[in-house]
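Taken together, the values in this text are just the output of simple stated rules run on the coordinates, not laboratory data. This structure is a prediction, so every number in the text was calculated from the model and none was measured. Neighbour counts are summed over all protein chains in view; Cβ atoms, including those assigned to glycine, are modelled from backbone coordinates with ideal geometry.
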Number of protein chains: 2
Amino acid sequence: MCDNKNRELGQPIGARIRSLRTARDWSLAELAKRAGTSAPTLHRYESGWDRFELATLRKIASALGVLLEVNFVEESVSTGAPADLRALIAPLFWDRELRPADLDQYPDWVLERVLMFGSRDQVSAARKYFGDEAVAKAAGRRGVDPKTRNYWNTILEGAAGAS
Amino acid sequence: MCDNKNRELGQPIGARIRSLRTARDWSLAELAKRAGTSAPTLHRYESGWDRFELATLRKIASALGVLLEVNFVEESVSTGAPADLRALIAPLFWDRELRPADLDQYPDWVLERVLMFGSRDQVSAARKYFGDEAVAKAAGRRGVDPKTRNYWNTILEGAAGAS
DNA sequence: ATTTTTATTATCACACATGATAATAATATA
DNA sequence: TATATTATTATCATGTGTGATAATAAAAAT
């Protein structure tokens, strides 16, 4: 999830709540009971409400057994420069040196590795650099495990639906 | 920053705001003007206020030129069961199959690989499973690059200091 | 086909987050 | 030392997020 609407880094809050709830096979009423709120209120949240109080999000997170993180994030490494991205993800390429040209010649291969083994920051930077289409393509490669593939299919589906 | 008080993952929100503001050499009045709020209100926030509306945090983030991230983070995989950890980190052992017994027979070797190439989740799960002492030991192995070693020495030093 | 469960929409009262304002204390500047 | 700037504390009016409730639609179960 990202709260700043200018950057699509994940699901909107409401969609995330729904996703977490349905993963647990809970009804709106069940989660509402656990979170100390009401089903119609939760429905409102899952349907696009966006102006939460943190206290509300805290209750919901607690009921769902997840951690609520709230971060002010400085603009990350500049991803306009290939050299910056290369330096960031180079550690993932233990078997072969990652050359600067590889970013443009073999985006699928690079992304596959990043999606499979990269940290959040590395993945985020690569996604920004290559774009969602390239990520979707890379997620379809044989070297990507089904769990990771499903993850990205869901994320990118959500990101495409929002545009 | 982490919003769930049960886990210490960073600065409280208010302290983070102050840190970002003073880094820019702005007064309370300056940030207040940019964020469309008031100096006394900002002072309240920086001094421990904790029950924010997201809209408020958005305004402040925008004024500070930073990204507001709001995440529900799943608790990581259960690390009580060796099979779960093994499944999680298995992709990192591309050159040799990771057998269940390896976790107990060669913890150093397993951890070295995880520390060097693991994702955040993988590292976190392994750390939880093996404990900090084992991580410290593994970080000292020859196959761990100095940067990673320093990273873990710092982290574990901090973790030891906190107890 | 009927009943039960769940989701969805709408209304409303109330608690409270927020910013405006004033006053005072502390710090920085001239 | 005097003045200006900034930080801090307190009060209060207002807008709004929230949950309770009712009604209805849709989906699932029997």
Report task. State, to one decimal in nm and shortest first, how far the label point of A:Ala83 sits from each corresponding label point in the other identical copies (label point: 7 angstrom along Cα-to-Cβ). Result -> 5.1
Report summary line: Straight-line reach check, A:Lys59, cutoff 16 Å on alpha carbons, 8 or more apart in-chain or any other chain, hits among lysines -> A:Lys33, B:Lys5
Query raised in the report: Label-to-label distances across copies for B:His43, with labels 7 Å out along Cα→Cβ, in nm, shortest first?
Result: 4.6
Query raised in the report: For chain B, what's the relative contact order in percent, using C-alpha pairs closer than 8 Å and at least 6 residues apart?
Result: 14 percent
Query raised in the report: Can you pull the semi-axes for the range A:13-64, root of five times each eigenvalue of the Cα gyration tensor, sorted largest first, whole Å?
Result: 14, 12, 10
Query raised in the report: Taking the Cβ of B:Gly14 as the center, what net charge do the other residues with Cβ under 10 Å away carry, scoring Lys and Arg +1 and Asp and Glu -1?
Result: +1
Report summary line: In chain B, helical segments from DSSP H whose Cα atoms cover 20 Å or more along their own axis and that average at least -1.0 on the Kyte-Doolittle scale are B:146-161
Query raised in the report: Shape call for the range A:99-140 from the C-alpha gyration tensor, a ≥ b ≥ c root eigenvalues: rounded (a/c under 1.5), prolate (a/b greater than b/c) or oblate?
Result: rounded
Query - For B:Phe52, residues with placed amide H under 5 Å, excluding near neighbours - result: A:Leu54, A:Ala55
Query raised in the report: Using unit Cβ charges (K, R positive; D, E negative) and no other charged atoms, how large, in debye to the nearest 20, is the dipole of the protein assembly as shown about its Cα centre?
Result: 640 debye
Query raised in the report: Which percent of the Cα-Cα distances in the range B:82-161 go past 20 Å?
Result: 23 percent
Query raised in the report: With Cβ to Cβ distances under 15 Å as the rule, what net charge do the other residues near B:Ser38 carry (K, R +1; D, E -1)?
Result: +3
Report task. With unit charges on the beta carbon (Lys/Arg positive, Asp/Glu negative), name the residue among A:Phe52, A:Gly131, A:Pro82 whose Cα is farthest towards the positive pole of the charge dipole of chain A. Result -> A:Phe52
Report summary line: Calculated from DSSP helices alone, with each H run of at least 4 adding -39500 (n - 2.57) and the total divided by the residues of chain A, [θ]222 nm to the nearest 500 comes to -17000 deg cm²/dmol
Query raised in the report: Under 20 Å Cα-Cα from A:Lys128, which aspartates and glutamates qualify once same-chain neighbours fewer than 8 residues away are excluded?
Result: A:Asp3, A:Glu8, A:Glu74, A:Glu75, A:Asp84, A:Asp102, A:Asp104, A:Asp108, A:Glu112, A:Glu157, B:Glu69
Query raised in the report: Using alpha-carbon positions, what is the distance between the centroids of the range B:85-163 and the range A:16-72, in Å?
Result: 34 Å
